[in-house]
Amino acid sequence: MPIKDWSAHEVWEYLMSAPCPWGGDNRELFELYKGSNQGECPVVIDKSTPSCGNSRFGCWTCTVVTKDRALHGLIQSGLTWMKPLLNFRNQIYKSTDPAQKNEYRNYKRRTGKVTYMRGEFGDDSTKELKHIPGPYWLDVRKKWLKKLLQIEKQLADSGHPFPLIRQEELQAIRQEWLRDPNDKLTSAITSDEEQVRTSRYATGAKALLKDFATELAKRKVKDLETEFVNSFYRLSRKEDINLTASIDPKTFTVSLLREDGFEVNKDELSAGEKQIYAISILEALARTSGRRLPIIIDTPLGRLDSVHRSKLINNYFPHASHQMLILSTDTEVDEDFYHELSPSISHAFKLDYEPKEGCTWATEAY
């Protein structure tokens, strides 16, 4: 049976059951028509039950129909931001009223002539002459274009950046206005066009910068994960667990993973492992930033055994930064450790607290 003889519910029954030649399904199309039908899209039981598809979809400015039920239904379904579009379409429809033609349309055609017609084409039975109006007055066209551009900007400002007219269409309109034989255009471009063009460029640039920032964050996170692994392996003992880091590029939450892929609870790490983990993260952040940052670290060896202390003194302190200030006790950095660090030490100070005077004295010594 030809599709022109199908009822609306038969069309929907086929669309929702048969496979799509282009892949996927018609669920999105179903929801669109459901929205245009004010949210009512019941399952068809018999011919008396209405189905989806009672609304017509086409050009949103079409004036062939008296009322755009599809657009009205979408607004009733909650898409209230479309109200300016419906109001604009209704204003255009108002201009099709024959009683209003003199207000909106030139009495002359583009040829500069006034045209009349008697009856329909091929029908000579009607003797009454009917005036054929010309194109819309240029002022009317300019007013509508200005309104359209204002609506586009309004939608963009409210979070719905949908272009209602393309730049090449604006250029074609401008050329038509300049060549209009009946009306003369005084300005080839309007401030509204400039505002919309600027808004489009700004919206496009904003989206581009957002995508760039997202991609850059992903790459930086990968670099940070790599630097963490390198630092952790350099500072940890061979018998320590082998860890890798997984960092969420949105929340920057750090997850520690074992070799087998299982996540490690940070609370289960020993005090020494936690210390090495924290220092590894700090070193990875410093290296990933690409900046020369001074580092101040307080009592870094307090919770570490001799092996981890030796790792830090030989593999971290001399290389972590161009300038590092270590605040330690004499039991942390003893004479042997101080001797190992001495090639990298610029100055060493001893801090003595004087309780009677309530102050601390610094002398260059260790």
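The values are calculated or read from the model by the stated rules, or taken from the named source; none is laboratory data. All values derive from a computational prediction rather than experimental measurement. Glycine gets a Cβ as well: all are built from the backbone with ideal geometry, and neighbour counts include every protein chain shown.
Observations
- Scanning segment 285-310 for residues that are under 16 Å from Ser328 (Cα atoms) and among the basic types (Lys, Arg) yields a count of 2.
- Meets criteria (at pLDDT below 75 and either out of contact with any Cys (no Cβ under 6 Å at 6 or more places or on another chain) or within 30 Å of Glu283 (Cβ to Cβ) (or both)) for Asp192: yes
- Complete set of residues in segment 85-112 that are surrounded by fewer than 17 Cβ atoms within 10 Å (Cβ to Cβ) and in contact (Cβ under 8 Å) with a residue 60 or more places away in the chain: Lys108, Arg110, Thr111, Gly112
- Scanning segment 148-183 for residues being surrounded by fewer than 16 Cβ atoms within 10 Å (Cβ to Cβ), under 20 Å from Tyr201 (Cα atoms) and either of a type outside the set (A, V, I, L, M) or touching a Phe, Trp or Tyr at 6+ places or on another chain (Cβ under 6 Å) (or both) gives a total of 13.
- Among the criteria (1) touching a strand residue (DSSP E or B) at 6+ places or on another chain (Cβ under 9 Å); (2) modelled with pLDDT under 85; (3) within 18 Å of Leu341 (Cβ to Cβ), the one Pro294 does not fulfil is (2).
- When residues of segment 340-349 are limited to those that are free of Cβ contacts under 8 Å to residues at least 12 places away in the same chain and surrounded by 10 or more Cβ atoms within 10 Å (Cβ to Cβ), the one farthest from Arg309 (Cα to Cα): Ile345
- For segment 235-250, the criterion of being modelled with pLDDT of 85 or more and not aliphatic (A, V, I, L, M) is satisfied by at least one residue.
- Evaluated against (1) modelled with pLDDT under 85; (2) under 24 Å from Leu85 (Cβ atoms), Ile173 falls short on exactly one condition, (1).
- Those residues of segment 251-297 which are within 31 Å of the chain's Cα centre (by Cα) and on the phi > 0 side of the Ramachandran plot, in sequence order: Phe252, Gly290
- The set of residues in segment 253-273 being under 24 Å from Ser306 (Cα atoms) and out of contact with any helix residue (DSSP H, G or I) (no Cβ under 6 Å at 6 or more places or on another chain) consists of Lys266, Asp267, Glu268, Leu269, Ser270, Ala271, Glu273.
- The set of residues from segment 351-366 being more than 57 Å from the chain's Cα centre (by Cα), more than 19 Å from His339 (Cα to Cα) and among the small types (Gly, Ala, Ser) comprises just one member, Gly358.
- Number of positions in segment 329-348 that are within 16 Å of Phe317 (Cβ to Cβ) and not in a helix (DSSP H, G or I): 8
- The residue list Lys250, Lys220 contains one member that is surrounded by fewer than 13 Cβ atoms within 10 Å (Cβ to Cβ) and in contact with a helix residue (DSSP H, G or I) (Cβ under 9 Å, 6 or more places away or on another chain), which is Lys250.
- Looking at Val44, Val65, Val11, just one residue is among the β-branched types (Val, Ile, Thr), at pLDDT below 75 and either closer than 30 Å to Leu149 by Cβ or surrounded by 13 or more Cβ atoms within 10 Å (Cβ to Cβ) (or both), and that residue is Val44.
- Candidate set: segment 297-330, residues that are hydroxyl-bearing (Ser, Thr, Tyr) and more than 17 Å from Phe349 (Cβ to Cβ); chosen: the one modelled with the lowest pLDDT: Ser306
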